[in-house]
1. Determine, yes or no, whether Ile172 is assigned to a helix (DSSP H, G or I) and either free of Cβ contacts under 8 Å to residues at least 60 places away in the same chain or of a type in the set (A, V, I, L, M) (or both).
2. Find all pairs meeting these conditions: Cβ atoms under 8 angstrom apart; at least six residues apart or on different chains; first residue within segment 147-165 and within 13 Å of Ile59 (Cα to Cα); second residue among the acidic types (Asp, Glu).
3. Of everything in segment 79-91, what is crowded, with 17+ Cβ neighbours inside 10 Å and either among the aliphatic types (A, V, I, L, M) or assigned to a loop (DSSP other than H, G, I, E, B) (or both)? Give them in sequence order.
4. Out of (1) of a type outside the set (A, V, I, L, M, F, W, C); (2) assigned to a helix (DSSP H, G or I); (3) touching a helix residue (DSSP H, G or I) at 6+ places or on another chain (Cβ under 6 Å); (4) surrounded by fewer than 18 Cβ atoms within 10 Å (Cβ to Cβ), what's the single condition that is false for Tyr73?
5. Determine whether Lys163 is among the basic types (Lys, Arg), closer than 21 Å to Thr68 by Cα, crowded, with 17+ Cβ neighbours inside 10 Å and out of contact with any His (no Cβ under 6 Å at 6 or more places or on another chain).
Amino acid sequence: MGDLISNFSKLLKKEASHKPSGQHILDDEYYKRIEAVQFTMSHDDGKIILDLENSDIVIVGASRTSKTPTSIYLANRGYKTSNIPIIPNKNLPPQLFGSKKICIVGLVCDPSRLFDVRKNRVQSLNEDRSSDYTNQEEIMNEIEESKKIFKKNNWPIIDVTRKSVEETAASIIKIFDILKAR
């Protein structure tokens, strides 16, 4: 590699540092992001709920509303993020209710778009999920119930139907910053 590095140094007219991974600064910000990623991965899809109060952000929504990819994106930005699925006939963790410390955001999606996403998911995995998972009427009910929960608890709602993960995350960061400033 020595000749290659030497040739690049000449080409770029810049002295090589000869320090492995020199482009990565291992500062407090880096370690904060690593900690956020580890936290987020262990708190994905409601796996761990006992310490939700340690989250910076909690994302709540029906299955396939981009909770996990948005959480991972936020974690890479340094936010400890948990995500909790709304499952019909199952209660949300009680730690979510009445918490003023955590930024809780609800995600919703157009029911017909969600139907397509779920149908494709089931087909790609060759799964035999219950028909309610891909039943259009049930999906509509799930979204309406989600909205009711979010409104009742005064949680901000983001419609992810036509948003990229980055756009959704940017909206969540804005909400987080506003809540933190209070």
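1. yes
2. From segment 147-165, the pairs are Asp159/Asp110.
3. Result: Tyr79, Lys80, Ile84, Ile86.
4. Going through the list (1) of a type outside the set (A, V, I, L, M, F, W, C); (2) assigned to a helix (DSSP H, G or I); (3) touching a helix residue (DSSP H, G or I) at 6+ places or on another chain (Cβ under 6 Å); (4) surrounded by fewer than 18 Cβ atoms within 10 Å (Cβ to Cβ), Tyr73 breaks only (4).
5. yes
Each value in this text was obtained by applying a stated rule to the coordinates, not by laboratory testing. The shown structure was predicted, so the numbers you read here are calculated from the model rather than taken from an experiment. Because the Cβ atoms are built from the backbone with ideal geometry, glycine has one as well, and the counts that use them run over all protein chains shown.
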